[in-house]
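S.K.: Below you will find the structure I want to go over with you.
Where a number appears in this text, it was derived from the coordinates with a stated rule and is not lab data. It should be emphasised that the depicted structure is a prediction, and the values quoted were computed from it without experimental measurement. We place every Cβ from the backbone using ideal geometry, glycine too, and count neighbours over all the protein chains shown.
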Amino acid sequence: MENRLLNQFDSTISTQWPSQEIVVSYEPLNNKELFELAYHTCNSVNMRNIYIKLSLDENKGGSRAILYSNTKKFVHIESLDDNLIITKFFPEDNKDDKLATEIKANLETRKLVLSTKEKDLKNQILKSILVERKLDECANLVMLKDISRKIYFAIGDARESAAVVPIFMQAEGASLVQLALNKWMSMTQNLDQEKPFPENLVPGLLKNLMQIKKWLLNLISTHLEK
């Protein structure tokens, strides 16, 4: 399905809209770890993931994500070989300085916190952010009115990714999250797989995905504050 927001970003916004940029060094994390952490730090329930590409090498650049907010701002996260760059694009009358203040400060603090975690817990936090991304990718497919088959596998991917993360599965509310994902998998499996996901089911699925996302964002942030 056509991703109009992404097309608009590539053709106009990335070159013509006002922007603000911050540069963050990787140390003491590697490229992949900081990219995941930056994704989580820039993300919120009001953000939509319209594009993501991951580098195959965790110690090299090449990862990119584009988030779109309900305030019509775009956030571009790009992992280069030497550092990570976050750029916010905004309509001319809608500028704010949260990128340079709140986001950079939070990211620098969380970078140090994550680096001090024991290896197992650190990996679990990063895997939880992976689930966060999977939920975002699923929500974007729903908003694009993509076919049911893709949405079915996206829900399943999020559910299976979460199932192997103890801090996720042992958290209060995790069983309800898994029940909700299972319900939508079963419902989607019974649809015509090659037809667009039914519009009458979109509000319910998006509502559940956003509820789960809010719960997960809080869970991850809690572990990054300790």
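S.K.: Report the label-to-label distance for LEU206 and GLU92 in nanometres (one decimal), using points 7 Å from each Cα along the Cα→Cβ vector.
M.R.: Computed distance between label sites LEU206 and GLU92 equals 3.0 nm.
S.K.: Okay, moving on. Between SER44 and ASP81, what length in nm is gained on full extension when 0.36 nm per residue of separation is reduced by their alpha carbon distance?
M.R.: Details: separation 37, 0.36 × 37 = 13.32 nm, distance 2.65 nm.
Length gained between SER44 and ASP81: 10.7 nm.
S.K.: Sticking with this structure for a sec: Could you point to the label whose value was computed as percent of Cα pairs over 23 Å apart for the structure here, given [x] 53; [y] 58; [z] 49?
M.R.: Checked against the structure: label [z].
S.K.: Express in nm, to one decimal, how much length is gained between THR109 and SER19 on full extension, taking 0.36 nm for each residue of separation and deducting their alpha carbon distance. Mind dumping the intermediate values first?
M.R.: On the way: separation 90, 0.36 × 90 = 32.40 nm, distance 2.38 nm.
Full extension from THR109 to SER19 adds 30.0 nm.
S.K.: Next question, about the same structure. Give me the extension gain from ARG64 to ASP120: residue separation times 0.36 nm, minus the current Cα-Cα distance, reported in nm with one decimal. Show your work: numbers first, answer last.
M.R.: Working: separation 56, 0.36 × 56 = 20.16 nm, distance 2.57 nm.
That works out to 17.6 nm of additional length.
S.K.: With a sphere of radius 14 Å drawn around the Cβ of LEU112, what net charge do the other residues whose Cβ falls strictly inside it have (Lys, Arg +1; Asp, Glu -1)? Write out the running numbers ahead of the final one.
M.R.: Numbers: positive: LYS104, ARG110, LYS111, LYS117, LYS122, LYS226; negative: GLU27, GLU33, GLU108, GLU225.
Taking every other residue near LEU112 into account, the sum is +2.
S.K.: For LYS145, which lysines qualify as cross-link partners when the Cα separation must be under 29 Å and same-chain residues fewer than eight apart are set aside?
M.R.: Correct list for LYS145: LYS53, LYS72, LYS73, LYS88, LYS127, LYS134, LYS183, LYS195, LYS207, LYS213, LYS214.
S.K.: Further question: Just grab the label-to-label distance for LEU179 and VAL164, each label 7 Å out from Cα along the Cβ direction, in nm (one decimal).
M.R.: 2.7 nm
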